[in-house]
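Engineer: Mind having a look at this structure? Questions to follow.
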Amino acid sequence: MERSIVHLNIPDFYTGMEELRRPELKKHPLVLAEPAVRSVVQGVNDAARREGIREGMPLGHARRICRRALVVPPDLRFYGEVHRSILQEFARFSPLVEGPLPGRYFVDLTGTRRLWGPESDTAWRMERLLADRKGLHARVGLASSKLVSQVAAGCITAGDLSRIFPGGETSFLYPLPVNLLPGVGAVTASRLADFNIQQVGMLASIPAESLAGVFGAMSTRLLRIARGIDPTPVLPFREAARLTLVHHSDRDEIDREKLEALLFVQVEEACWNLRVHNRRPGRFALEIRHADGVTAKTRHLLPVNAVHIDQRLFRFMLPAFRRLIERRVAVRRIVLEFSDFSIPFRQMPLFPWENDSFEEDRQLQKALDDIRRRFGKQIICWGKTAVMHRSSPGQRDLPNRSGPGGF
Amino acid sequence: MKIHVDKTNLTQVLQKIQNVTERKTGMTILSNTLIKAEGRQDVEFLVTDLELSLWTKIETQVEVPGSLTVSARKLFDVVREIPQNMIELESLPYDKLLVRAGRSRFELSTIPASDFPSIHFYEETELVDIDAVLLWKALNKTAYAIPSDDDSFSISGVFLHPVEGGRLRFVSTDSHRLASFEMPAEVFSSIPIGGGVIIPRKGVLEMLRLLEKETMASLGIEEKCLILRTPSTFLSVQLLEGHFPEYQAIIPSSRPYAFETDWEALYYGLRRVAVLTSQTWRHVRLTVKKGSLELDAGNPELGKANDVLDIDYEGEDFSVSFNIRYVMETIQAMESSRVRFEWADDAHGGVFLGPDDEGYFSLIMPMIV
């Protein structure tokens with residue numbers, strides 16, 4: 001049976017969401033970015049794009065390009081909720097709905113003709129549903145594979161449908177510029193341009209051995225997508241539970257002690273959430289971005305006895321963090337992510353004295369939690385974090401976060 | 001050196017020495033085996049990791065005497081792949097060993113025998129003949145509870161020490177469970193164990209391998225070193241110096257809840273419910289009621305498993321959770337048609353005994369679920 005895959009691509013999904021919430025923003029160049037000095041642009045609307053602002057641009061640069069641009073902090077939780085509700089709406093048409101990113105959807109309509117009628121009509125009905133229920137318009141591509149439907153959607157404007165009939169994939173793809181292929185970015189396109197390969201058809205006609213000399217292992221994939229070969233199925237997306245904490249410094253930090261204190265604050269915040277939900281993380285990932293743009297990442301399994309007690313969890317993570325910050329370059333961003341959650345079962349130790357230190361830590365953590373629940377999170381803090389409030393030479397004293405308390 | 005050796009004999013001896021050699025070591029010589037062909041018919045093989053040393057020999061034809069060391073793992077891999085029954089080993093110039101069989105030739109790099117550490121097997125020490133089956137049994141019943149690494153609360157070895165009543169006890173603990181086995185002290189009466197000795201994990205596992213097919217062996221202790229001799233092998237194990245935890249104080253004296261059940265029913269019941277456990281969800285809940293034992297295990301991602309067994313119990317209902325692996329290993333080590341479980345409380349743990357397996361005792365701490 002011929003496959004029928006619909007791809008719906010909602011352009012500028014995030015800014016579209018903001019414009020729906022606040023219609024007055026529609027007429028202005030709109031930029032989504034965190035209200036921090038060093039933040040980067042995370043989304044732009046059409047008006048801002050016309051002014052020359054792009055995603056990934058530093059906010060300061062964007063402001064210099066267009067002084068009247070409105071800057072709004074992104075509300076990722078809200079966008080996520082809308083994304084999930086759209087997936088649910090599309091699930092009425094087919095059980096195979098995949099939402100790899102907010103605003104991008106694949107729906108497998110194979111075998112639904114007798115139920116819903118011709119696939120083009122169903123795809124169009126989905127676009128109308130999106131417009132009526134959410135006020136959003138999508139580019140709709142319909143083809144026999146995810147790859148071709150994605151490219152087809154990329155060639156039209158929002159509110160249009162492009163259908164590529166089975167057998168017409170190569171004649172559709174071959175005249176297109178190579179940068180329209182998914183996965184061919186600016187670097188690959190420029191490398192291909194060095195060899196005067198500008199169109200998909202030119203790329204598809206090159207023998208695999210010749211391409212392998214330049215692109216190595218990537219050449220097989222390049223040839224496959226240029227020839228329109230994509231057997232990947234539409235997989236309903238199940239998001240794994242994750243707890244992510246991002247610290248974006250206004251000021252680059254190189255002091256190891258302060259960096260460790262920053263990590264401890266993140267661990268503290270994560271442990272609070274884990275305790276509230278009674279979960280134990282099985283894995284953690286750390287990512288740091290240096291001031292020169294270099295990013296370092298590490299992922300580790302947590303031992304069974306790593307529980308959601310601030311001190312204990314931090315102790316397991318510190319060696320990995322120290323290995324990560326070996327470069328003598330200031331750090332701009334720290335991302336901490338926990339995953340593989342489970343209920344914290346506890347194996348009782350044989351020797352009672354082994355349990356003493358754990359019990360001490362647990363009771364101390366409980367006392368801290370009780371104080372914070374009653375007087376607020378800021379009322380008391382660990383001594384480790386006090387270093388964050390220490391003044392640097394030539395810098396004014398910052399108000400103490402912990403107030404009069406603090407261990 | 002030039003020898004002709006039977007493939008089966010050589011494979012057996014190389015298999016025997018594999019576990020003693022160090023694989024991840026900075027000293028390459030410790031991953032090598034010393035081959036000494038000094039007599040006319042005997043070839044000796046020696047391996048050591050400096051704490052554990054093994055000597056063994058095979059009968060073969062020695063054409064040219066000599067000695068050298070070669071990677072034990074690589075020689076084993078080569079010999080295993082050779083289809084012929086007779087193999088020729090010949091030392092070549094420039095520290096090479098030629099392994100030849102039929103039309104296959106392998107040249108392995110060697111290190112001179114003079115670089116091999118000198119191993120002392122205390123040949124002059126008086127060894128005592130022991131019942132190999134009994135020693136194997138004692139080690140096998142305690143080996144499963146030896147932790148793979150030392151930590152501050154456990155020691156990676158079996159503690160062998162005399163106890164009251166003229167008995168000798170083998171004990172191991174990984175700080176979550178404790179396994180012990182007692183036997184009459186006269187079995188090892190003339191071996192100087194003093195207040196007790198600790199045999200390291202690697203030594204215990206090697207002793208188990210050596211004793212598996214033997215009925216009689218000789219044992220001795222000299223200068224903190226345990227020597228075990230079987231008809232064709234010498235094993236010397238450096239004893240651990242650490243202090244074994246004071247375990248006697250933690251054994252609950254009062255165990256008010258107790259029941260007995262059939263060994264097979266319990267073991268296979270646990271095996272059935274263990275199918276749905278995982279690395280994270282590894283507990284089994286034992287719910288004890290009058291006349292029945294309910295086993296619950298499961299995993300929210302896979303599902304739940306439940307099984308009910310008949311037991312001899314008339315007391316109050318109670319329930320307790322254990323790591324299922326710990327319980328299964330404990331029961332597996334038992335040689336009894338019945339299993340007796342005695343429970344104190346969460347702080348003191350549960351005791352597993354084999355009514356027909358005299359001397360075996362296991363204490364497991366519960367999991368708080």
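The values are calculated or read from the model by the stated rules, or taken from the named source; none is laboratory data. Note that this is a predicted model, so its numbers are computed, not measured. Don't worry about glycine lacking a Cβ; one is built from the backbone with ideal geometry, like all the others, and counts go over all protein chains shown.
Engineer: May I ask you to list the residues in the range B:189-241 that are of a type in the set (Gly, Ala, Ser) and either under 13 Å from residue B:122 (Cβ atoms) or surrounded by 14 or more Cβ atoms within 10 Å (Cβ to Cβ) (or both)?
Structural biologist: Residues satisfying the conditions are B:196, B:203, B:217, B:218, B:220, B:232, B:236.
Engineer: Looking only at the range B:175-188, filter to residues that are modelled with pLDDT of 90 or more and of a type in the set (D, E, K, R); which one of those is surrounded by the fewest Cβ atoms within 10 Å (Cβ to Cβ)?
Structural biologist: B:182
Engineer: Would you be able to say whether some residue in the range A:162-176 is in contact with a Pro (Cβ under 6 Å, 6 or more places away or on another chain) and not in a helix (DSSP H, G or I)? Break it down stepwise before answering.
Structural biologist: At the first step, the residues of the range A:162-176 found to be in contact with a Pro (Cβ under 6 Å, 6 or more places away or on another chain) are none.
No - not one qualifying residue is present in the range A:162-176.
Engineer: Is it the case that the range A:100-111 has a residue that's surrounded by 14 or more Cβ atoms within 10 Å (Cβ to Cβ), aromatic (Phe, Trp, Tyr), in a strand (DSSP E or B) and out of contact with any Ser or Thr (no Cβ under 9 Å at 6 or more places or on another chain)?
Structural biologist: yes
Engineer: For the range B:336-354, name all the residues that are exposed (fewer than 14 other Cβ atoms within 10 Å of the Cβ) and within 25 Å of the chain's Cα centre (by Cα).
Structural biologist: Once the filter is applied, which keeps residues that are exposed (fewer than 14 other Cβ atoms within 10 Å of the Cβ) and within 25 Å of the chain's Cα centre (by Cα), the range B:336-354 yields only B:337.
Engineer: Working carefully through the options B:163, B:171, find the one that is among the β-branched types (Val, Ile, Thr) and away from chain A (no Cβ under 14 Å). Before the answer, list the steps.
Structural biologist: On the way: B:171 fails: away from chain A (no Cβ under 14 Å).
None of the other options fit; the residue is B:163.
Engineer: Could you grab me the full set of residues in the range A:335-383 that are exposed (fewer than 15 other Cβ atoms within 10 Å of the Cβ), assigned to a loop (DSSP other than H, G, I, E, B) and within 10 Å of chain B (Cβ to nearest Cβ)?
Structural biologist: Residue satisfying the conditions is A:343 alone.
Engineer: In the range B:111-147, which residue that is of a type outside the set (A, V, I, L, M) and under 11 Å from the mean Cα position of the chain (by Cα) is farthest from residue B:179 (Cα to Cα)?
Structural biologist: B:136
Engineer: Filter the range B:213-232 for residues that are in contact with a Phe, Trp or Tyr (Cβ under 6 Å, 6 or more places away or on another chain) and either part of a loop (DSSP other than H, G, I, E, B) or not aliphatic (A, V, I, L, M) (or both) and give the result.
Structural biologist: B:222
Engineer: Does residue B:325 qualify as being more than 23 Å from the chain's Cα centre (by Cα) and among the basic types (Lys, Arg)?
Structural biologist: Values: more than 23 Å from the chain's Cα centre (by Cα): no; among the basic types (Lys, Arg): yes.
The answer is no for residue B:325.
Engineer: So, one more: Could you check the range B:263-279 and list, in sequence order, the residues that are within 14 Å of another protein chain (Cβ to nearest Cβ) and either buried (at least 17 other Cβ atoms within 10 Å of the Cβ) or touching a helix residue (DSSP H, G or I) at 6+ places or on another chain (Cβ under 7 Å) (or both)?
Structural biologist: B:277, the sole residue that qualifies.
Engineer: While we're here: Which one of these does residue B:180 not meet: (1) within 19 Å of the chain's Cα centre (by Cα); (2) closer than 25 Å to residue B:53 by Cα?
Structural biologist: Exception for residue B:180: condition (2).
Engineer: While we're looking at this one, here's another question. Across the range A:286-313, what is the total count of residues that are within 18 Å of residue A:339 (Cα to Cα) and either touching a residue at least 60 places away in the same chain (Cβ under 8 Å) or assigned to a loop (DSSP other than H, G, I, E, B) (or both)?
Structural biologist: Residues flagged as within 18 Å of residue A:339 (Cα to Cα) and either touching a residue at least 60 places away in the same chain (Cβ under 8 Å) or assigned to a loop (DSSP other than H, G, I, E, B) (or both) within the range A:286-313 amount to 9.
One line per residue, one yes/no per condition, for (1) touching a residue at least 60 places away in the same chain (Cβ under 8 Å); (2) at negative phi:
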site	(1), (2)
A:51	no, yes
A:56	no, no
A:62	no, yes
A:109	yes, yes
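Engineer: Filter the range B:245-262 for residues that are in a loop (DSSP other than H, G, I, E, B), surrounded by 16 or more Cβ atoms within 10 Å (Cβ to Cβ) and within 12 Å of chain A (Cβ to nearest Cβ) and give the result.
Structural biologist: Selection gives B:245, B:247, B:251, B:252.
Engineer: I'd like to check which strands (runs of 3 or more DSSP E) are fully inside the range B:285-369 and have at least 1 residues that are of a type in the set (A, V, I, L, M, F, W, C), more than 14 Å from every other protein chain (Cβ to nearest Cβ) and farther than 14 Å from residue B:262 by Cβ.
Structural biologist: Counting at least 1 such residues, we get B:303-310, B:318-323, B:350-353.
Engineer: Please find, among A:274, A:245, A:259, A:263, the residue that is modelled with pLDDT of 90 or more, outside any strand (DSSP E or B) and touching a helix residue (DSSP H, G or I) at 6+ places or on another chain (Cβ under 6 Å).
Structural biologist: Among A:274, A:245, A:259, A:263, only A:263 is modelled with pLDDT of 90 or more, outside any strand (DSSP E or B) and touching a helix residue (DSSP H, G or I) at 6+ places or on another chain (Cβ under 6 Å).
Engineer: Moving on to the next point. Could you please give the count of residues in the range A:1-31 that are surrounded by 15 or more Cβ atoms within 10 Å (Cβ to Cβ), in contact (Cβ under 8 Å) with a residue 60 or more places away in the chain and in a helix (DSSP H, G or I)?
Structural biologist: 4
Engineer: Additional query: Only one of A:364, A:313, A:336 is assigned by TED's automatic domain parsing to the domain that holds residue A:261, of a type in the set (A, V, I, L, M, F, W, C) and touching a Phe, Trp or Tyr at 6+ places or on another chain (Cβ under 8 Å). Can you tell me which?
Structural biologist: Sole residue among the options that is assigned by TED's automatic domain parsing to the domain that holds residue A:261, of a type in the set (A, V, I, L, M, F, W, C) and touching a Phe, Trp or Tyr at 6+ places or on another chain (Cβ under 8 Å): A:336.
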